[in-house]
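Have a look at the structure below, then the notes.
The values are calculated or read from the model by the stated rules, or taken from the named source; none is laboratory data. Just so we're clear, the structure is a prediction, and the values are computed from it rather than from any experiment. Cβ sites come from the backbone with ideal geometry, for glycine too, and all protein chains shown count toward neighbours. Side chains included, ligands, DNA and RNA excluded: accessible areas come from the protein's heavy atoms. Shrake-Rupley method; radii C 1.70, N 1.55, O 1.52, S 1.80 Å.
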Amino acid sequence: MSGTPANAFVTRDGVRLHVLRWEGGGPGLVLLPGLGQSAHVFRELAPALAGDFRVIAVTPRAHGHSATPAGGYTVESFADDVRAVMDGHGLERAIVVAHSLSGTVATRLAVRSPERVRGIVYLDALHDYARWGEVMTQNPFPPPPRPDFGDREGTREWMSRYVPGFWCPALEADLMAHPGGDTAAWRWELLMGLLDDAGLHATPYAALRCPALALVADESVQTQFGWRMPMSRADLQRAEAYLRTVREPWRRTSEARFLAEAPSGRVVAVDGGHYFYLTTRERVAAEIRAFASSLTPLPT
């Protein structure tokens with residue numbers, strides 16, 4: 001199975017949405033990237049799945065090669081975009097795999113159109129966005145501000161150092177898909193509306209009618225602060241205290257709510273940071289395949 005996808009576009013209400021498509025066999029699998037990223041970020045995970053699924057990765061509005069309309073920056077509108085992409089590619093039902101903020105989009109799609117979603121796989125996507133700012137401001141060692149999206153060299157250097165701690169072809173392809181200049185700044189302002197909307201409405205896990213698997217990052221000082229290593233003893237203690245008293249309770253509370261409310265929810269920890277689907281893609285692909293095999297087969 002070739003790792004090279006086909007490019008396509010689907011238009012909903014005048015908004016052109018970019019799609020990458022891997023034409024494999026089997027049931028449909030829709031990949032949704034996190035905030036600020038495009039379908040290209042799945043260029044390394046998708047080929048590991050394309051032999052078993054028909055894989056489609058969606059670039060949300062105001063990301064990558066998709067259009068940037070003036071409105072529609074709500075979780076509900078993004079879910080409608082995903083449904084339009086499924087319609088445009090003849091996918092009656094699919095498993096949806098969502099990273100980070102797109103977990104809220106996948107949930108909304110499944111709640112509003114339960115007949116379209118066979119199951120959801122969340123990739124480090126159970127965060128309580130209402131408390132996101134509070135948790136971030138308590139970080140004792142925040143990285144310097146991220147460069148503007150239009151600054152490709154600066155973004156590449158910043159991401160390599162402060163986020164996943166490495167660089168790979170998928171991140172490079174994603175970076176090159178984003179425009180620079182005023183468009184980048186305008187997009188980021190619009191996308192803050194989506195983040196605000198996610199914080200205003202708790203993710204409705206209790207309304208799900210499909211099985212769901214949450215793969216969550218097994219965070220550590222190394223995954224969160226690898227760029228500061230080696231640390232002094234005092235700094236190491238501060239970092240450990242932040243993870244133990246701030247981030248872990250925040251994450252565990254979200255996981256506990258998911259397990260209590262989602263009718264068929266399951267949580268599995270995966271080694272790595274927020275982008276573990278890039279660093280441990282074979283493990284993630286295996287978890288997705290196992291989850292899919294547990295679902296009721298589609299009628300033939």
Legend entry - Label point distance in nm, Thr137-Arg228, each placed 7 Å from Cα along Cα→Cβ: 1.9
Legend entry - segment 136-184, accessible area per residue, ligands and nucleic acids excluded (1.4 Å, Å²): 53
Legend entry - Degrees, to the nearest 10: 233-242 long Cα axis against longest axis of the chain: 40
Legend entry - Accessible area of the chain belonging to carbon and sulfur atoms, whole % at 1.4 Å probe: 51
Legend entry - Distant-in-sequence amide H partners of Leu31 (H built 1.01 Å from N, under 5 Å): Ile56, Ala57, Val58, Val97
Inset, instruction - Keeping all protein chains in place, calculate the accessible area per residue for segment 1-110 (probe 1.4 angstrom), answer in Å². - result: 29
Legend entry - Peptides 241-249, 161-169, 229-237 ordered by average Cβ neighbours within 10 Å, highest first: 161-169, 241-249, 229-237
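Using the heavy atoms of the protein chains alone and a 1.4 angstrom probe, what is the accessible area of segment 214-300 per residue in square angstrom? Intermediate values should be presented prior to the final figure.
Details: 4660 Å² over 87 residues.
Accessible area per residue: 54 Å².
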